[in-house]
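Accompanying notes for the structure given below.
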2 protein chains.
Amino acid sequence: MNFYDKLRAAWRNNNSLVCVGLDPDPAKLPACVRSLDKPVFAFNKAIIDATKDLVCAYKPQAACYAAQDADDQLAETIRYIHEVAPTVPVILDAKRADIGNTTRMYAAEAFERYQADAVTVNPYMGMDAIKPFLDCADKGVVVLCRTSNGGAKEIQELVLQNGELLYQYLAERISTVWNYNHNVLLVTGATCPAELGEIRKRVGDSVALLVPGIGAQGGDLEGVLRNGLTADKTGLVINSSRGIIFASNGEDFAEAARREALKLRDAINAFRG
Amino acid sequence: MNFYDKLRAAWRNNNSLVCVGLDPDPAKLPACVRSLDKPVFAFNKAIIDATKDLVCAYKPQAACYAAQDADDQLAETIRYIHEVAPTVPVILDAKRADIGNTTRMYAAEAFERYQADAVTVNPYMGMDAIKPFLDCADKGVVVLCRTSNGGAKEIQELVLQNGELLYQYLAERISTVWNYNHNVLLVTGATCPAELGEIRKRVGDSVALLVPGIGAQGGDLEGVLRNGLTADKTGLVINSSRGIIFASNGEDFAEAARREALKLRDAINAFRG
């Protein structure tokens, strides 16, 4: 099953547009898992067990694992998701890009070593730098477009000669020229719902948007839904990381994560009607 | 010693602008190392032993290690360079960028876990996404500007409202606003020497350029030197990977690497005069 089919099935089966970000920042792990042999995997496993019927995707943040030499626990986490939630796709948030020869190795990292269903990538080097990802027709390729950070405008909203903003130009180009395998998604922050609406207008309903920035980053959920939902009330993968996984740092962290995931799913579904 | 001091000392001590890219593509490793316990480290060690008096830097490509689950051998390689060539800086080619909170973890990956002296980063998300790297005043931050791949123009040469090309605008902005710790370098491909000259004009002599694309990618060495050298005949870190490390795939691979590194150093120095 290709990535989009898997994502659509997860949207439907779990009636959810919620993506849980598996970002096990070592400084924030609950005390009850820190003493375990594999604290990162133990933490993720509990979160996955508690939320797997509530989400349309999981998004592990590669940096969290790389920083603490926990690559094996990342691999184990993804294997675990495929085992207990085989219909929920995994998006490896790695934001990779390099020259084609090297990108082939990053594709091997994401899709072979880690067995992710999709990966986030950075467009700055151009399409040929991303092609080894795009060529994996069964995998999702989630390209940064208008990111959620406060300084995103500095480059992404530069005005081009024709008056368009850079991210607008890229949204259109990436969703057409780069999308020859119909496996592209775009990253658009929840912190900029108006820009998200601009992107939706340009790319139509066939391209899903991965939306970080809900929760700790203060994104605008209602604005995202108003401007980003497709005609069939899907089209969005709304990520929350810290707001869900670190809702409690006590022994009830997994229950608290479930509560927050449910709350987010229900708030989204109330809007979808 | 901060990164620029270390780089300047290496330029001077080894009388070299050559950077050797440590990109141990598993498909290309010589048969004589493949059967070893740690083939990647054994290969790198031999290359380092054979070239350490000829180079101004080493640049391991993170993707090569990530793809083959050889993170430990990357760490071991960098430790080995610090041990046997303590005056030669190590640039981890990782092309990272993320929101600031996450980039802090990528900085931990590059500078703590791997003990690199510098790291390559991608500018698309803006300065705040790179700030955790820039804040490490002792470390070098090598920002992509005009890359060596054939498709680099697609985005990097978009024309802005004021007539400037995107990479030109970024060269100026990154070398000033982002350079508050005087630790920025820019990536400029050897495949586009005219654009490299544009960048040199804009950033002046105080910003070094990391130049990939010599050798297998067919870059123009003379053009790079003509347009990129600073008044004191330095300012460039000219990388060759495959052209040096895979010069032979026999048992003489390290000698062959030394021969190619020497040839490149001498060709550069002949031009420098």
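Read the figures in this text as sums done on the coordinates, not as results from a lab. Bear in mind that the values here come from a model prediction, so they are computed numbers and not experimental data. Neighbour counts are summed over all protein chains in view; Cβ atoms, including those assigned to glycine, are modelled from backbone coordinates with ideal geometry.
Key figures for this structure:
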read-out	value
Net dipole in debye of chain A [+1 Lys, Arg Cβ; -1 Asp, Glu Cβ; about Cα centre; nearest 20]	500 debye
Distance from segment B:200-246 to segment B:93-146 (C-alpha centre basis), Å	21 Å
Förster-model FRET efficiency, 35 Å R0, B:Arg12 and A:Val159, C-beta, rounded to 0.05	0.20
Residues of segment B:184-208 with amide N under 12 Å of the 7 Å Cα→Cβ point at B:Thr176	B:202-204
Mean Cβ count within 10 Å, highest first, over the residues of peptides B:30-36, B:145-151	B:145-151, B:30-36
Peptide ranges B:154-161, A:210-217 listed from the most packed, as the mean C-beta count within 10 angstrom indicates	A:210-217, B:154-161
Nearest-first distances (nm) between copies at B:Asp53, label 7 Å from Cα via Cβ	7.1
Relative contact order (%) - chain B, alpha-carbon pairs under 8 angstrom, separation at least six	21 percent
Ordering of A:90-96, B:85-91, A:74-80 by packing [mean C-beta count within 10 Å, highest first]	A:90-96, B:85-91, A:74-80
A:Phe271/A:Glu76 FRET efficiency (R0 30 Å; Cβ-Cβ; nearest 0.05)	0.25
Over chain B: helical MRE at 222 nm, DSSP H runs n ≥ 4 each giving -39500 (n - 2.57), nearest 500	-13000 deg cm²/dmol
Average beta-carbon neighbours from other chains, 10 Å sphere, peptide A:58-67	5
Rounded FRET efficiency, nearest 0.05, which uses the C-beta distance separating A:Asp128 from A:Glu83 and R0 of 45 Å	0.80
Label zone at B:Asp5, where the point sits 7 Å out along the Cα-to-Cβ direction: segment B:223-265 residues whose backbone N lies under 20 Å	B:235
Debye equation applied to the C-alpha atoms of segment A:3-272, log10 I(q)/I(0) at 0.10, 0.11, 0.13, 0.16 Å⁻¹	-0.46, -0.56, -0.80, -1.23
Net charge of neighbours whose Cβ lies under 9 Å from the Cβ of B:Arg242, counting Lys and Arg as +1 and Asp and Glu as -1	-1
Residue-averaged beta-carbon neighbours from other chains (10 angstrom radius) around A:138-147	1
Normalised contact order of segment B:21-119, rounded percent, pairs of Cα under 8 Å and 6 or more residues apart	27 percent
Charge dipole (debye, nearest 20) of the protein assembly as shown; +1 at Cβ of Lys and Arg, -1 at Cβ of Asp and Glu	600 debye
Taking segment B:110-239 and dividing mean pair separation by its residue count, relative contact order in percent (alpha carbons under 8 Å, at least six apart)	21 percent
Positive-pole candidate from A:Gly223, A:Ile174, A:Ile245, dipole of segment A:119-273, charges at beta carbon	A:Gly223
